[in-house]
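Take a look at the structure below.
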Amino acid sequence: TAYLDHKHGNPTLDALASYESLNEANWDGYDAEPISRETLNYARRFIRIIPETFGAPDMAPSGDGSIALEWVPETGPIHKLFLDIGPGEQWRAYWKRRNGEFGRLPGADITPDTKRVLQKLFDDLSK
């Protein structure tokens, strides 16, 4: 995907540029924590390894200083999937299947296994 990012752009990565201005406390007028440079840099690395199984996510900054990614597929076994990135260098996933089952996966730092863990998660959730 790095080639595609360079050649064609990545809308999710491109949207992160607008979050650069959210680096001060209270950026939302409701006492939000800043989105730190560390979180943004981590998000850029993390987004590059997310599988494309469910397409591009919706993305939003969160009041706790994290960045939320959300997928809500119209069909299939998964109802909603969320990945929270940050604050800082951490991530976590949680989801709800259409049958009502909930799940979560606490993440941590990006390791050589993270891409494989994410691919397995997305594959499992698509079945």
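The values are calculated or read from the model by the stated rules, or taken from the named source; none is laboratory data. Everything quoted here is computed from the prediction, not taken from an experiment. Cβ: placed from backbone, ideal geometry, glycine included. Neighbour counts: every protein chain shown. Surface accessibility is based on the protein's heavy atoms, side chains included, excluding ligands, DNA and RNA. Shrake-Rupley method; radii C 1.70, N 1.55, O 1.52, S 1.80 Å.
Here are some notes:
- With one equal scatterer per alpha carbon and no solvent term, the Debye-computed log10 I(q)/I(0) for the chain at 0.09, 0.14, 0.17, 0.21 1/Å reads -0.26, -0.62, -0.91, -1.27.
- Among 101-110, 52-61, the peptide with the highest mean count of other Cβ atoms within 10 Å heads the list, and the full ranking is 52-61, 101-110.
- The count of lysine pairs in the chain that are at least 8 places apart or cross chains, and whose C-alpha atoms lie under 17 Å apart, stands at 5.
- Within the shell of other residues whose beta carbon sits under 9 angstrom from the beta carbon of LEU69, the net charge comes to -3, with Lys and Arg scored +1 and Asp and Glu -1.
- Counting charges near LEU121 (Lys, Arg +1; Asp, Glu -1) among other residues having Cβ under 13 Å from its Cβ returns a value of +4.
- Net lengthening on full extension, ARG98/GLU70 (0.36 nm per residue, minus Cα-Cα): 8.5 nm
- Virtual spin-label span in nm between TYR30 and GLN119, 7 Å along Cα→Cβ: 3.8
- For the stretch 54-127: rounded, prolate or oblate by the Cα gyration tensor [a/c cutoff 1.5]: oblate
- A cut-off under 11 angstrom between Cβ atoms defines the neighbours of LYS96, and their net charge, with Lys, Arg +1 and Asp, Glu -1, is +3.
- Accessible surface ranking that places the most exposed of SER126, SER62 first, with a 1.4 angstrom probe: SER126, SER62
- A Cβ-based charge dipole, computed about the Cα centre of the chain with Lys and Arg at +1 and Asp and Glu at -1, lands at about 660 debye.
- For the stretch 9-37 versus the stretch 74-127, the spacing of their alpha-carbon centroids is 22 Å.
- Sum of -39500 (n - 2.57) over DSSP H runs of 4+, divided by residues of the chain (222 nm, nearest 500): -8000 deg cm²/dmol
- Residue ranges 63-75, 32-44 sort as 32-44, 63-75 when ordered by packing (mean number of other C-beta atoms within 10 Å per residue, highest first).
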